[in-house]
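The values are calculated or read from the model by the stated rules, or taken from the named source; none is laboratory data. Here the structure is a predicted model, which means the values were calculated and not measured. Cβ coordinates were reconstructed from backbone atoms using ideal geometry, including for glycine residues, and neighbour counts include every protein chain displayed.
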Amino acid sequence: MSEPSKGPENEAVNSPLSSGTDDPLSDAEIQAYRLEINELDRTIIEAAARRSEVSRIIGKTRKASGGTKLVYARETAILNEYRDALGQEGVAIANALLQLGRGRLGQ
């Protein structure tokens, strides 16, 4: 798994930005929560990359054994799980994860 980029595009994420408040105590609390969000984002990115890798392996194995490129019932179950857990935004997340693993449909 590749290391997250440390380049200039991530400097804004990793350095304190305005919290939108002039209250020093609120600002400190917001900055602490932002650090936690940054860590959660790194975890999510790493998990999504690993999920994509495993999904591609499954696809190659299925194709090599004469199976279909994808299993619609499985994708539908994943979409429903994300919708149930996160609402309509969950469907967008699930679609992005599915696409990362198998590529765009029709290609």
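Below is a table of values for the structure above.
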item: Hey, residue 57 among the aliphatic types (A, V, I, L, M), surrounded by 12 or more Cβ atoms within 10 Å (Cβ to Cβ) and either more than 19 Å from residue 93 (Cβ to Cβ) or at pLDDT 95 or above (or both) or not; result: no
item: Residue list for region 72-91, filter: of a type outside the set (Asp, Glu) and surrounded by 13 or more Cβ atoms within 10 Å (Cβ to Cβ); result: 78, 79, 80, 82, 83, 86, 90, 91
item: Which numbered condition residue 105 fails, given (1) surrounded by fewer than 15 Cβ atoms within 10 Å (Cβ to Cβ); (2) in a helix (DSSP H, G or I); result: (2)
item: Near pairs, Cβ below 7 angstrom, 6+ apart or cross-chain, from region 67-88 (among the hydroxyl-bearing types (Ser, Thr, Tyr)) to any residue that is modelled with pLDDT of 95 or more; result: 82/90; 82/91; 82/93; 82/94
item: Among residues of region 76-107, those that are over 18 Å from residue 58 (Cα atoms) and among the hydroxyl-bearing types (Ser, Thr, Tyr), counted; result: 1
item: Filtered residue count, region 33-70, keeping only those that are in a loop (DSSP other than H, G, I, E, B) and within 21 Å of the chain's Cα centre (by Cα); result: 1
